[in-house]
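Take a look at the structure set out below.
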Amino acid sequence: MNNTIFDDVFRTMVEKIPQLAVPLINEVFQTSYPEDVEIIQLQNEHHQENGEIITDSCLRIGKKLYHIECQSVDDYTMAIRMIEYDFAIALDSARKYGRRYRMEFPKSCVLYLRSGKNTPDFLEVEVVFPDGKIQVYRIPTVKLNEYTKDKILEKNLLMFLPFYIMRYEKEIHKKYPGRNSLTGYLSCAAYYDQ
């Protein structure tokens, strides 16, 4: 697994202040949970025969499961990874009814901290079942660069704030070539905060 500092920041926020995820869940899935809704954090580690899968977040609100992944770049394998993660989550929550099992897949999304014109609004995997039925597995994406600081505050998407400066990365590198990235970020943050 290749963690980045962004994964760590996202996971820490969800672990320490899970209520920060509620406005994002409401935004993506058109729900209207109050910010003080009871949230149950589920395990992020899912053990399989071929290794361990670690997700960024898995939450239960009421009877619904939610899975949010934070992605710093537009990774072309993300659709397959999401269905793999969601399958692991569904397996962990499978329930037996007589001789039949029921697996509930979570409502999932990917938060892209960096995105471009080719980053899709939905990640899709076409699943062909043994009986020939085809189901398209669609996962919505959220692109941070589509949210202004005013929109972030209006929608109370406070978990976006630590990543907000990333929208200025290209400008920072142009304005402060050869400087330490952190120094450039801080200088740029001061400039854009005026």
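Extension gain for residue 15-residue 122 works out to 35.9 nm (0.36 nm per residue, less the C-alpha to C-alpha distance).
Of 88, 101, 125, whose Cα points farthest to the positive end of the dipole of segment 79-141 (charges on the beta-carbon: +1 Lys, Arg; -1 Asp, Glu; origin at the Cα centre)? Most positive-ward Cα: 101.
Compute the signed sum of charges (Lys and Arg +1, Asp and Glu -1) over the other residues within less than 10 Å, Cβ to Cβ, of residue 102. Local charge sum for residue 102: +2.
Amide hydrogen proximity for residue 70: with H placed 1.01 Å from N in the peptide plane, the residues at 5 or more positions away or on another chain lying under 5 Å are 56, 111. When peptides 117-123, 4-10 are sorted by average Cβ neighbour count within 10 Å, with the highest value leading, the order is 4-10, 117-123.
Every read-out reported here was derived from the displayed coordinates using simple, explicitly stated rules and does not represent laboratory data. A quick note: this is a predicted structure, and the numbers were derived from the prediction, not measured. Methodologically, a virtual Cβ is constructed for each residue, glycine included, from the backbone with ideal geometry; neighbour enumeration extends over all protein chains shown.
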